[in-house]
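The structure appears right after this line, and notes come after that.
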Amino acid sequence: VDFRFLKNFNIYAFGECALEMKRFNYTREFSMKMGGNAERLKLRQQLGLSAPTTETPLTVGSPEYRAVAEKYGRLNPTYDGNFIEDADYFVVREVSLSYDCSDLLRDFGAVSYLKGLTLGMSVRNLWRTTKYSGIDVETNYAGSRSVTVGQEFLTLETPRTWNFWVKLGL
């Protein structure tokens, strides 16, 4: 979207989306393997699979036990399929606002020195929505465009950046 308003202002917005994507959350699987997931540890206690705690284990065969056992099974780090997630997303990639100062240059008689002057600011990666539970649905651990695009492992999210600029027409 590119829209001019109040004669000299311009707003620009750019977004991207991806539908029907799947992604392997290797970071989450790794955390399960290393025992660092509190949810999995709590489920183990409820099932009576951990050392005795103050919590009484659920009765084997009860509906509650089965529900917890199924949830625990979906967190099993030895089955990679447990960590393939929906990865549809929508991201507002960039929004910018600029002001064309050409009228001011004419008013001050500066057009013989400068043909144009535009001041602006923008923000990249402004907003994102996704079902994916990992850090960033768009990053991959190898930084490439191979099959690793569908895998995330200990990556950092794409940063939000603010930019300010001056555009001169000579």
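The values are calculated or read from the model by the stated rules, or taken from the named source; none is laboratory data. Just so it is clear, the model here is predicted, and its values are computed rather than measured. Here the Cβ positions follow ideal geometry from the backbone for every residue, glycine too, while neighbour counts run over all protein chains shown. The area values use the complete protein model at the heavy-atom level, side chains included, leaving out ligands, DNA and RNA. Shrake-Rupley method; radii C 1.70, N 1.55, O 1.52, S 1.80 Å.
Any residue at all in segment 124-131 that is farther than 24 Å from GLU39 by Cβ, open to solvent by less than 80 Å² (accessible area, probe 1.4 Å) and among the β-branched types (Val, Ile, Thr)?
Looking for residues that are farther than 24 Å from GLU39 by Cβ, open to solvent by less than 80 Å² (accessible area, probe 1.4 Å) and among the β-branched types (Val, Ile, Thr), one finds none in segment 124-131, hence no.
So in segment 48-71, with the set limited to residues that are modelled with pLDDT of 90 or more and surrounded by 15 or more Cβ atoms within 10 Å (Cβ to Cβ), which one is farthest from PHE30 (Cα to Cα)?
TYR65
Take segment 31-75 and flag every residue that is of a type in the set (S, T, N, Q) and either more than 36 Å from the chain's Cα centre (by Cα) or not in a helix (DSSP H, G or I) (or both).
Here is the first cut: in segment 31-75, the ones of a type in the set (S, T, N, Q) are 31, 37, 45-46, 50, 53-54, 56, 59, 62.
Result: ASN37, SER50, THR53, THR54, THR56, THR59, SER62.
Which of the residues belonging to segment 122-143 are more than 30 Å from LYS7 (Cβ to Cβ) and among the hydroxyl-bearing types (Ser, Thr, Tyr)?
THR129, THR130, TYR132, SER133, THR139, TYR141
Residue by residue, here is whether (1) within 30 Å of ARG128 (Cα to Cα); (2) free of Cβ contacts under 8 Å to residues at least 60 places away in the same chain holds:
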{"residue": "LEU19", "(1), (2)": "yes, no"}
{"residue": "ASN25", "(1), (2)": "yes, no"}
{"residue": "ARG28", "(1), (2)": "yes, no"}
{"residue": "ARG40", "(1), (2)": "yes, yes"}
{"residue": "LEU43", "(1), (2)": "no, yes"}
{"residue": "ARG66", "(1), (2)": "no, yes"}
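So for segment 75-93 (the condition being open to solvent by less than 40 Å² (accessible area, probe 1.4 Å) and free of Cβ contacts under 8 Å to residues at least 40 places away in the same chain), does at least one residue qualify?
Yes, because at least one residue in segment 75-93 is open to solvent by less than 40 Å² (accessible area, probe 1.4 Å) and free of Cβ contacts under 8 Å to residues at least 40 places away in the same chain.
Just checking, does segment 105-121 include any residue being outside any loop (DSSP other than H, G, I, E, B), open to solvent by 40 Å² or more (accessible area, probe 1.4 Å) and more than 24 Å from LEU6 (Cα to Cα)? Steps first, please.
Taking segment 105-121 as the starting set, the residues that turn out to be outside any loop (DSSP other than H, G, I, E, B) are 105-107, 116-121.
Pick out the ones that are also open to solvent by 40 Å² or more (accessible area, probe 1.4 Å) and you get 106-107, 119, 121.
Those still in the list that are more than 24 Å from LEU6 (Cα to Cα) too: none.
Checked segment 105-121: no residue is outside any loop (DSSP other than H, G, I, E, B), open to solvent by 40 Å² or more (accessible area, probe 1.4 Å) and more than 24 Å from LEU6 (Cα to Cα).
Just to be sure before I move on: is LYS115 touching a Ser or Thr at 6+ places or on another chain (Cβ under 7 Å), touching a residue at least 24 places away in the same chain (Cβ under 8 Å) and farther than 22 Å from THR27 by Cα in the structure I sent?
Working: touching a Ser or Thr at 6+ places or on another chain (Cβ under 7 Å): no; touching a residue at least 24 places away in the same chain (Cβ under 8 Å): yes; farther than 22 Å from THR27 by Cα: yes.
When the stated conditions are applied, LYS115 does not pass them.
I need the full set of residues from segment 1-25 which are open to solvent by less than 70 Å² (accessible area, probe 1.4 Å) and within 28 Å of the chain's Cα centre (by Cα), in order please.
ASN10, ILE11, ALA13, GLY15, GLU16, ALA18, MET21, ARG23, PHE24, ASN25
Quick check, is TYR99 hydroxyl-bearing (Ser, Thr, Tyr), open to solvent by less than 80 Å² (accessible area, probe 1.4 Å) and in contact with a Ser or Thr (Cβ under 8 Å, 6 or more places away or on another chain)? Walk me through it before giving the result.
Numbers: hydroxyl-bearing (Ser, Thr, Tyr): yes; open to solvent by less than 80 Å² (accessible area, probe 1.4 Å): yes; in contact with a Ser or Thr (Cβ under 8 Å, 6 or more places away or on another chain): yes.
Yes, satisfied.
Sort through GLY35, GLY15 and tell me the only one that's small (Gly, Ala, Ser), modelled with pLDDT of 90 or more and closer than 30 Å to ARG128 by Cα. Before the answer, list the steps.
Values: GLY35 fails: modelled with pLDDT of 90 or more.
The conditions single out GLY15.
Yes or no: ARG28 among the basic types (Lys, Arg) and in contact with a Phe, Trp or Tyr (Cβ under 8 Å, 6 or more places away or on another chain)? It would help to see each step written out before you state the result.
Numbers: among the basic types (Lys, Arg): yes; in contact with a Phe, Trp or Tyr (Cβ under 8 Å, 6 or more places away or on another chain): yes.
The answer is yes for ARG28.
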